[in-house]
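K.L.:
Submitted below is the structure of interest, expressed as structure tokens.
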Amino acid sequence: MRAIQVSRFGGPEVLEVVDVPAPSPRGDQLRVAVATAGINYADTHQTSDDYLAPQQVPFVPGAEVVGRTEEGRRVVSLLGKGGYAEQAVASPATTFSVPDGADDTTALALLVQGTTAWHLLRTSTRFTPGESVVVHSAAGGVGSLAVQLARELGASRVIATASTLEKRDLARDLGAHAAVDPDADDLAAALVDANEGQPVDVVLEMVGGRVFDASLAALAPFGRLATYGMASRTPPTPVPAELLMATSRAVVGFWLVHALRLPGGLRPAMEELFDLHAAGRLRVLDGGRYPLADARRAHEDLRARRTTGKLTLDCTTPA
């Protein structure tokens, strides 16, 4: 089968189109004929081996696919790796039937970005209606869904950040009350100002560096900052325990892998997300569909912040 393989660690240049043996299911695993593979920012960290789970080369990246099982059922599956390929094997526990009204891009967006946004709000920060929420990278895959979910769940004010005027306008169109340039000289003050002069209750943060630092400074007492990425590849300033004590703030880490261990795994989130989409209350942004052979270009666009929404790979196109 055709696949994208990483044989050495690095940037997008290490993504190579190869022919490799098709994977064989083990135990109760399902074989999936892949129509579309999802692209996540975490994939860019996998290729450079600076993500949470160490990698060993060679490997086929990609954690999510939509396709059909050998019985013909259309499914979306979360994988450990191996998604950038014409075939994949998946666990039944992380495989979900796709409703007729959901296209491939929607199913893939809800599987990882959607469940991440859902758990950030419901599980990690314990968001309650009436609180204010800051969503960084609000035009991206997780951010665009988190803005909508925060409004749906009753946020008093949703404050988005995005790197361009066009992306900030998009965030407002998705439901944000205000949108802020993350490159503002005093980002903490800008976030407070966007919250009508009040410190914020919840921050969903995946940039790292100065954005993390400013977000923590903008938190109200008993506010929660959930960190789920480091797109800038710059660590934030270390947070001493006494600072958290003195301000009654909380910093919470999130990795979707741990949500798989909760009762029901990802199923409660997936069911609610599919229902919201079917009701027209949750919109997925199609960020672009690339041929499988153009995975390198997709990663380049993603890392350069040229994209919005959900990026996918067409695994059915000829080389």
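K.L.:
Could you sort M270, M245, M206, M230 by their accessible area in this structure, using a 1.4 Å probe and putting the largest first?
P.N.:
The residues order as M245, M230, M206, M270, largest area first.
K.L.:
Quick one: what are the phi-derived ³J(HN,Hα) couplings along region 119-129, Karplus 6.51/-1.76/1.60 with θ = phi - 60°, whole Hz, x for glycine and proline?
P.N.:
6, 4, 7, 7, 9, 6, 9, 6, 3, 10, x
K.L.:
Here's something else I'd like to know. How large is log10 of I(q)/I(0) for the chain at q = 0.09, 0.13, 0.14 Å⁻¹ when the intensity is taken from the Debye formula with one equal scatterer per alpha-carbon?
P.N.:
The Cα Debye sum returns log10 ratios of -0.44, -0.92, -1.06.
K.L.:
Moving to a separate point now. Provide the solvent-accessible area of W255, counting protein heavy atoms only and rolling a 1.4 Å probe, rounded to the nearest 10 Å².
P.N.:
70 Å²
K.L.:
Another question, then. Hey, if you drop one equal point scatterer on each alpha-carbon of region 249-319 and run the Debye formula without solvent, what base-10 log of I(q)/I(0) do you get at q = 0.17, 0.28 Å⁻¹?
P.N.:
-0.96, -1.05
K.L.:
So what is the diffusion coefficient of region 189-319 in µm² per second by Stokes-Einstein at 20 °C and 1.002 mPa s, using a Kirkwood Rh over Cα pairs?
P.N.:
The diffusion coefficient I find is 120 µm²/s.
K.L.:
Taking the chain as a Gaussian network, Cα atoms linked when under 10 Å apart, which of L191, L243, L285 shows the biggest mean-square fluctuation?
P.N.:
Its mean-square fluctuation being the largest, the pick is L243.
K.L.:
At q = 0.11 Å⁻¹, work out log10 I(q)/I(0) for region 94-191 with the Debye formula, treating every Cα as an identical point scatterer and leaving solvent out; two decimals please.
P.N.:
-0.34
K.L.:
Let me ask something else about it. Q87's amide H: which non-local residues (gap 5+, or another chain) put their own amide H closer than 5 Å, with H modeled 1.01 Å from N in plane and none for Pro or chain starts?
P.N.:
Excluding prolines and chain starts, which carry no amide H, the hits are V34.
K.L.:
Taking N as the number of residues in region 162-260, what is its alpha-carbon radius of gyration divided by 2.2 N^0.38 Å?
P.N.:
The value comes to 1.10.
K.L.:
At 1.4 Å probe size, with no ligands or nucleic acids counted, give the accessible surface of E242 in Å², nearest ten.
P.N.:
Number for this one is 120 Å².
K.L.:
Another question about this same structure. Give the Rg/Rh ratio for region 14-67, taking Rg as the radius of gyration of the Cα atoms and Rh as the Kirkwood radius, to two decimals.
P.N.:
Using only Cα positions, Rg/Rh for region 14-67 is 0.97.
K.L.:
Could you tell me which of rounded, prolate or oblate describes region 61-100, using a ≥ b ≥ c as the square roots of the eigenvalues of the alpha-carbon gyration tensor, with rounded for a/c under 1.5 and, failing that, prolate when a/b is larger than b/c and oblate otherwise?
P.N.:
prolate
K.L.:
Sticking with this structure for a sec: Show me, bin by bin at 10 Å from 0, the whole-percent P(r) of region 220-263 based on Cα pairs.
P.N.:
Pairs per bin, as whole percents: 22, 43, 31, 4.
K.L.:
Between R305 and R68, what FRET efficiency comes out of the Förster formula 1/(1 + (r/R0)^6) with R0 = 30 Å and r the beta carbon distance, rounded to 0.05?
P.N.:
0.30
The values are calculated or read from the model by the stated rules, or taken from the named source; none is laboratory data. Please read all numbers here as calculations on a predicted model, not as lab measurements. Ideal geometry is used to build each Cβ from the backbone, glycine not excepted, and the neighbour counts take in all protein chains shown. Protein only, heavy atoms only, side chains kept; ligands, DNA and RNA dropped before computing areas. Shrake-Rupley method; radii C 1.70, N 1.55, O 1.52, S 1.80 Å.
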